Amino acid sequence: MEFRDVMLRRRMVREFSAEPVQSEVLDRVLEAGLHAPSAGFAQGLELIVLEGAEQLSEFWRITDPRGRKHSNDRPPPVVVVPLTDKSAYLKRYAEPDKQGLGMDVEEGWPVPYWDLDAAMSVMLMLLAAVDEGLGAWFFGIFHGESALLECLEAPEGLQPIGALALGHPAPGERRRGSATKRPRRELEDVVHLGGWA
């Protein structure tokens, strides 16, 4: 598929078929995420992949106790939890070739690049999913983050930026959510050439 087609077809899919995601397809989607930019090539990203009824039901129990996100009977067969490792960035910027920038401490970063880099990784995985014929849905983890990290036995200091659901779209799956009610902003409304004016 041409890149422009992949980009224009990308959307959040919330209803999935029961068809499993083949391991080689999942590997290609995850591999795409490793090609995102990484400040100083710190590579402070970890991906926890959850599959199977036991792992997924525990994930939903912890993160969605009211069943709001997972209220349909067509859940994703795979959920990926991208975790950022801020310490990888601080350590990297304490190395000789990066010293003196003041970025060996969190306060030295004007923007938390560990989160930014992870978000770019997720975007590449969303696009790779479309290219593989999968549906994907990125959503926030607003409840149970500490319990989830404990359940997943994640090392101290790692932080999830959300979760990525993957699978084959359910037959008849349709667009829903804010994108169906709000128009996309036009290019001329977003781009400010040479300044804000």
Search the stretch 113-142 for residues that are under 20 Å from Pro77 (Cα atoms) and among the polar types (S, T, N, Q) and pair each with any residue that is modelled with pLDDT of 95 or more and surrounded by fewer than 17 Cβ atoms within 10 Å (Cβ to Cβ) when their beta-carbon atoms are under 7 Å apart and the residues are at least 6 apart or on different chains. none
Would you confirm, using the coordinates I've provided, whether Asp117 is more than 26 Å from Glu156 (Cβ to Cβ) and out of contact with any Asp or Glu (no Cβ under 9 Å at 6 or more places or on another chain)? no
Among what's in the stretch 83-101 and is among the small types (Gly, Ala, Ser) and modelled with pLDDT of 95 or more, pick the residue that is surrounded by the most Cβ atoms within 10 Å (Cβ to Cβ). Ala88
Count of the stretch 169-197 residues which are modelled with pLDDT of 90 or more, part of a loop (DSSP other than H, G, I, E, B) and touching a strand residue (DSSP E or B) at 6+ places or on another chain (Cβ under 8 Å): 1
Long-range neighbours under 6 Å by Cβ, at least six apart or interchain, first residue within 15 Å of Leu164 (Cα to Cα) within the stretch 27-38, second modelled with pLDDT under 95 and of a type in the set (Val, Ile, Thr): none
Return yes when Val21 is among the aliphatic types (A, V, I, L, M), touching a residue at least 24 places away in the same chain (Cβ under 8 Å), touching a strand residue (DSSP E or B) at 6+ places or on another chain (Cβ under 7 Å) and in a loop (DSSP other than H, G, I, E, B) and no when it is not. yes
Restricted to the stretch 102-118, and to residues that are surrounded by fewer than 17 Cβ atoms within 10 Å (Cβ to Cβ) and among the small types (Gly, Ala, Ser), which residue is nearest to Gln22 (Cα to Cα)? Gly108
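The values are calculated or read from the model by the stated rules, or taken from the named source; none is laboratory data. This one's a predicted model, so the numbers in the text were calculated from it and none came from an experiment. Don't worry about glycine lacking a Cβ; one is built from the backbone with ideal geometry, like all the others, and counts go over all protein chains shown.
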